[in-house]
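Working notes, structure below.
The values are calculated or read from the model by the stated rules, or taken from the named source; none is laboratory data. Given the structure is predicted, the values throughout are model-derived calculations rather than measurements. Please note: Cβ atoms are built from the backbone with ideal geometry, for glycine as well, and neighbour counts cover all protein chains shown. Accessible surface is based on the protein model in full, side chains and every heavy atom, while ligands, DNA and RNA are left aside. Shrake-Rupley method; radii C 1.70, N 1.55, O 1.52, S 1.80 Å.
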Amino acid sequence: MDVPAALFALQTCDLEIRRAAKLLDELPEKRAILETRHKADEVRQLKGKTEELVHRLERAITANTDEVATVDEKIVGVQKTLDSGQVTNPKEVHNLSREMDALKRREDKLDNDTITLMERLEKAREQVAKVEMALERLSARENQLITEYRAKGGEMQASLDSHKTQRAELAASLGDDLLARYETTAAAKGGIGAAKLLEVACSACRVELPAERLRELREGPDIGLCPNCRRLLVVRGADAVE
Ligand SMILES: [Zn+2]
């Protein structure tokens, strides 16, 4: 490829590289993956709290059950004493009856509490199950997004790599001086260091050039300088094929 064509091709290639890199970075799947992970973290925290509640309720129910067993034993003991006929003193019998009543009330209360706790436990377990399902859905969504990101991103990366290879070849064909001028200009002018002359205007700044400047450019070398934007201006041969 001739130098003027290579310079203009290099410019096109650089814009393509920039565009591809930006697209890769801004893939919506990438953002969606991060959002899904964030959401899953929140749900996992909720799961932890709900599981803690389940354990607390289970412990409370166990404690109640243990206490009921103890109270039961006491009731049996008091009943035995009453049935044995050994206690005949009315005051003592009265006291034992009162103790029996107190034990039974305690047992009733514990039983009622246990029922309430079991209802709460059931709800908490349902909540854990719901949260686990939500986590599964989020995990499936994340996997799907990763697959999509890899598919799209893979194509983009391959395209980016091939443009970079092409760029290296074009850059090598320009020669160090022209390449350096191009790169300095591109860095200073928003990534566009080279333009071509379109009829009477520069393809980068689009300003129509005065007849005198056009004549000077046409009489000058293949690669000049735009009098308006000061970019390298390919006067002829920009679109020449190899
Ligand atoms: Zn210009």
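Note on L170: accessible area is roughly 10 Å² with a 1.4 Å probe, heavy atoms of protein only.
Here the Karplus relation 6.51 cos²θ - 1.76 cosθ + 1.60, evaluated at θ = phi - 60°, turns the backbone of the range 181-192 into coupling constants of 5, 4, 5, 5, 5, 4, 5, 7, 10, x, x, 10 Hz, with x for every Gly and Pro.
The magnitude of the dipole of the range 39-96, with charges of +1 and -1 set on the Cβ of Lys/Arg and Asp/Glu and taken from the Cα centre, is near 180 debye. In this structure, E119 and K49 have a Cβ-Cβ separation that, at R0 = 22 Å, corresponds to a calculated FRET efficiency of about 0.70.
Kindly flag which residue pairs out of K74/K123; K22/K47; K39/K152; K47/K152; K39/K164 have an alpha-carbon separation exceeding 26 Å in this structure. In this structure, K74/K123; K22/K47; K47/K152; K39/K164 exceed 26 Å between Cα atoms.
Packing, taken as the mean count of other beta carbons within 10 Å per residue, orders the peptides 191-197, 55-61 from highest to lowest as 191-197, 55-61.
With protein chains left intact and a 1.4 Å probe, residues in the chain average 65 Å² of accessible area per residue. If you model the range 36-119 as an ellipsoid using its alpha carbon gyration tensor, with each semi-axis the square root of five times an eigenvalue, the axes come out at 47, 9, 7 Å, biggest first. Put simply, the convex hull of the Cα atoms in the range 194-242 casts, on average, a shadow of 3.1 nm². Note on R18 and R98: the model spin-label points, each 7 Å out from Cα along the C-beta direction, lie 9.6 nm apart. Take every Cα pair under 8 Å whose residues are at least 6 apart in sequence, average their separation, divide by the length of the chain, and the relative contact order is 35 percent.
The radius of gyration of the Cα set in the range 24-164, together with its Dmax, comes out at 30.8, 107 angstrom.
On a 0 to 90 degree scale, rounded to 10, what angle separates helix 28-84 from the longest Cα axis of the chain? Tilt relative to the chain: about 10 degrees. Surface composition of the chain: carbon and sulfur make up 52 percent of the accessible area, probe 1.4 Å. Once the gyration tensor of the Cα atoms in the chain is diagonalised, the equivalent ellipsoid follows with semi-axes of 93, 15, 11 Å, ordered largest first. Kindly state, to the nearest 0.05, the FRET efficiency for R137 paired with A172, given R0 = 51 Å and r defined as their beta-carbon distance. Rounded to the nearest 0.05, the efficiency is 0.45. Taken along the Cα-to-beta-carbon direction at a fixed 7 Å, the label points for E35 and R106 span 5.9 nm.
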